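The values are calculated or read from the model by the stated rules, or taken from the named source; none is laboratory data. These numbers come from a predicted model, not from an experiment. When we count neighbours, we look across all protein chains shown, and the Cβ atoms used for this are built from the backbone with ideal geometry, even at glycine. Ligands, DNA and RNA are stripped out before the accessible areas are found, and what is left, the full protein with its side chains, is counted by its heavy atoms. Shrake-Rupley method; radii C 1.70, N 1.55, O 1.52, S 1.80 Å.
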Amino acid sequence: MAVENLIWVGYIGAAAGLIFAFIQFRKVMQFPEGNETMKKIAGAIREGANAFIRRQYKTVAIFFGILFLVLSTLAYLPVLITGDWDSGLVNPFTPFAFISGGLICSICGIIGMKVATFANVRTAQAATDSLNSALNVSFSSGAVMGFVVNGFQILETVTWFVILRYVFGASDEIIAQTMITFGMGVAVVSVFARVGGGIFTKAADVGADLVGKVEAGIPEDDPRNPAVIADNVGDNVGDVAGMGADLHQSNSGALVATVAIGFIAGYGIAGMLLPIIVCVIGVLMSIVGTFFVRTKEQPDQKSLLKTLSKGVYVAGFLAALLTLPTILFIANNAYVYEVDAYGVEVAVNHMRANGWGLFGAVVVGIVSGFVVSALTEYYTSDATKPTRELAESSTSGAAPLLIGGLSLGMKSVAGPIISISVAILAAFFLSSIGGGGFDAGLYGIGLAAVAMLSTNAIILATDAFGPVADNAGGIAEMSHLSEEVRERTDALDSLGNTTAATGKGFAICSNAFTALVLLVNYVYLINGQLEDAGRETLDLSIINPAVLIGFLCGAAMVFYFSGLCMSAVQRAAQGIVVEVRRQFKEIKGLLEGKPGVEADYATCVDICVRSALKEMIAPTAVAIVTPILAGIVLGGAGVVGFLAGTILAGFALAVFMLNAGGAWDNAKKYIERGNLGGKGSDQHKAAVIGDTVGDPLKDTAGPSFNNVMVLASTVAIVFAGVTVAFSLL
């Protein structure tokens, strides 16, 4: 069988993922919703989430329309002027690939969010029976998100490949560039989803906690708190819809970057297809892994983490096992046609000698993902020493707790950076063992990133169930279900905080791999365009002022983007604080819980919606515009420095923010389970303050910048022609 025919296996993998997602959705919907009060609360959360998503994506659609016109102008205006189809500053498929990437990414996030809003009330009701039943519902809901993301990612990649190759007869180079373009569309939507959803959810969360828990001393998710519905809506639009778009971007970014570098490495169709097949194997093995997620009625964090980890490890082990024969088959049949010194076209195979090395890169990717997961779990789980010590610091007040969280986050950066550095070196050298050289090594790095995320369906399932459990706890509290139910949902929620940090760690590390491969791809692309224009190729010496200035500007963009996200949450949260205080003061009997007196939930939801929609534009625009400006002002060499600064500073800062925020959150939950004074104690109030500081770090700025690393790289590649044509240097 010709290697090229393996492209159709992609449709099998996509279908398997999407069909399994539908089965999990049907499974969720078969569980009962509970009593009428629970249904009413769930309906309000669902209505608020749907309203925000509609308004958010109307804004995104306008933004996409503008970018579509810009890309269309760059693609077709030079053609109209010169009559030469090769004169466009971007290739003619670029505008449509960009739109399709954004559309698919949007669909993934919306589907996951809608399923979560159906699953939250069913999880609360299932928790009245057992912990395992609640885990079953919430995990199945998360599985819908995981398999939809992976299924659509494979479907889109394969479909574009088929259209370009078999309908338009496009060259390998055009196929690779177009893949990166739809990756840009995915990245733009993911940044919008993460920033907008993150601002919404953390504004509501911070405002609800500061006034409700700290000032009024009422329980979390108490129906007297006017921000409680907005907080639950935020879990869905930020931690589910935003996270789904985020992980879809991580998958797509790694895949398209590796497809592109496969062309550069001279592997031809085989180099483009191998990462797709690795993703297919990952989806199939993730389905197997879901059947290992079961728990006993023991709501301690160690047993719950062990339960979820079992499914992830089984999927990863089986994926690595089945990848070996696949890689060896493709490597042995990876022929491309080249013209020899005598002008004769001959078939050669550059990949055959690298088969075992490429498998080694796959294993490195999977193992490094597990290592990063373990490091994240160590620093953020309340079952481990760092977070428990952080919780104990609350006995001295909020200030020591804040200092301890910052310290923990800073120390936690070293492990993932060292792990990923070792993994990059290992993947590079293993994949170039057969003599493929530098390009083969880069391909191995990309393949390691794809392998790390190949089982992302089950990883995302273990991540996405957390917000569902969080919502379920809120519904249980507002519906006055038994304390036992709340204990079960709190146990799952706390577990979800750890697995969410783990999932984000996976995404950040894979994006570091991906951004590095895209950076190299940019260098190859722009050097080729400079040669075609009769100009000198890039001087990438560190003492080149353009490179150095670009490096500094890239690092500055990281902090400026993060600052915009943080200040957006601050302003929105201040609005919620003021509104909740007003209602407690002006609605007589609300704080006392008098019968028939209800909070005005809709106003808080509206404040969050308006704030998120207004504030999400600036950070996203900064991430898109700055690489283009760097290219015009500093030239191609400056863009390389800019992207390098973005990757290095962004990777470190994102890990710091995610782990510090996750540790503060779980330190709070550790106290809420009755340790160190329990709920309502001074220690608890200090921990709540720590949690509110960490919220915008771990759920807005941190995960958003995870996407920005790849967005900046894809924007630079798509606009490389603009840099060559208009750069000042």
Normalised contact order of the range 118-232, rounded percent, pairs of Cα under 8 Å and 6 or more residues apart: 13
According to the Kirkwood expression over distinct Cα-Cα pairs, how big is the hydrodynamic radius of the range 528-647, in Å? 17.9
Could you state the orientation-averaged shadow area of the convex hull built on the Cα atoms of the range 527-570, in nm² to one decimal? 4.3
Once you keep just the Cα pairs under 8 angstrom separated by 6 or more residues, what percentage relative contact order results for the chain? 21
What dipole magnitude, in Debye to the nearest 20, does the range 428-542 give about its Cα centre under +1 on Lys/Arg Cβ and -1 on Asp/Glu Cβ? 240
Let me cross-check residue 598: its accessible surface, 1.4 Å probe, with only protein heavy atoms counted, in Å² to the nearest 10? 120
Principal axis dimensions, the range 348-488 - Cα atoms, whole angstrom, descending: 70, 35, 17
I'd like the accessible area for residue 658, computed on protein heavy atoms only with a 1.4 Å probe and all protein chains in place. Round to 10 Å², please. 10
In Å and on Cα atoms, what radius of gyration and Dmax does the range 460-611 show? 25.3, 80
For the chain, what is the calculated [θ] at 222 nm in deg cm²/dmol (nearest 500), taking -39500 (n - 2.57) for each run of four or more DSSP H residues and dividing by its residue count? -27500 deg cm²/dmol
The correct ranking of 248, 480 by accessible area at 1.4 Å, largest first, is 480, 248
Compute for the range 229-388: radius of gyration divided by Kirkwood radius, i.e. Rg/Rh, restricted to C-alpha atoms, rounded to two decimals. 1.11
Across all Cα atoms of the range 619-727, Rg and the largest Cα-Cα distance (Dmax), in Å, are 19.9, 65
State, to one decimal in nm, how far the label point of residue 356 lies from the label point of residue 22, with both points 7 Å from Cα in the Cβ direction. 4.4
Tell me, rounded to the nearest percent, the portion of alpha carbon pairs in the range 224-309 spaced more than 15 Å apart. 75
For residue 77 and residue 30, what does the FRET efficiency come to when R0 = 56 Å and r is the distance between their Cβ atoms, rounded to the nearest 0.05? 0.55
On average, how much area does the Cα convex hull of the range 1-142 cover when viewed from any direction, in nm²? 12.8
Note to self: Kirkwood Rh of the chain, Cα pairs, one decimal, Å, is 25.5
Express the accessible area of the range 577-706 per residue in Å², computed with a 1.4 Å probe while the remaining protein chains stay in the model. 33
For the full complex of protein chains and a 1.4 angstrom probe, list 484, 345 by accessible area with the highest value first. 345, 484
Taking a quarter of the surface of the Cα convex hull of the range 387-467, what do you get in nm²? 7.6
Find which of 195, 313, 128 sits farthest along the positive direction of the dipole of the chain, computed with +1 on the beta-carbon of Lys and Arg, -1 on that of Asp and Glu, about the Cα centre. 128
Starting from the exponent 0.38 and prefactor 2.2 Å, build the expected Rg for the range 176-269 from its residue count and divide its actual Cα Rg by it. 1.61
Projected onto the charge dipole of the chain (+1 at Lys/Arg Cβ, -1 at Asp/Glu Cβ, origin at the Cα centre), which of 175, 450, 508 gives the Cα projection farthest towards the positive end? 508
For residue 537 and residue 62 in one chain, what is 0.36 nm times their gap in residues minus the Cα-Cα distance, to one decimal in nm? 167.3 nm
Of the options 416, 645, 604, report the single residue whose Cα projects farthest towards the positive end of the charge dipole of the chain (beta-carbon charges: Lys, Arg +1; Asp, Glu -1). 604
Please express the shape of the range 560-602 as an equivalent ellipsoid: the semi-axes are the square roots of 5 times the eigenvalues of the C-alpha gyration tensor, given largest first in whole angstrom. 31, 8, 6
So the carbon and sulfur contribution to the accessible area of the chain, 1.4 Å probe, in percent, is 65
So if I place +1 on the C-beta of Lys and Arg and -1 on the C-beta of Asp and Glu, and nothing else carries charge, what would the dipole magnitude of the chain be about its Cα centre? I want it in debye, nearest 20. 880
As an exercise, use a Förster radius of 45 Å and the Cβ-Cβ distance of residue 587 and residue 524 to find the FRET efficiency, rounded to the nearest 0.05. 0.10
Please state, as a whole number in µm²/s, the translational diffusion coefficient that the Stokes-Einstein equation yields for the range 399-548 at 4 °C and 1.567 mPa s, with Rh defined as the Kirkwood radius across alpha carbon pairs. 67
Added length on full extension, which subtracts the Cα-Cα distance from 0.36 nm per residue, residue 600 to residue 51: 195.9 nm
Length gain on complete extension for the stretch residue 421 to residue 552, per 0.36 nm per residue less the alpha carbon to alpha carbon distance? 45.0 nm
Relative contact order (percent) for the range 445-604, with alpha-carbon contacts under 8 angstrom and 6 or more residues of separation? 18
Mind grabbing the base-10 log of I(q)/I(0) for the range 69-148 at q = 0.20, 0.23 Å⁻¹? Debye formula, identical points on the C-alpha positions, no solvent, two decimal places. -0.83, -0.94
Across bins of 10 angstrom width beginning at 0, how are the C-alpha pair distances of the range 688-729 distributed, in whole percent? 25, 28, 21, 16, 9, 1
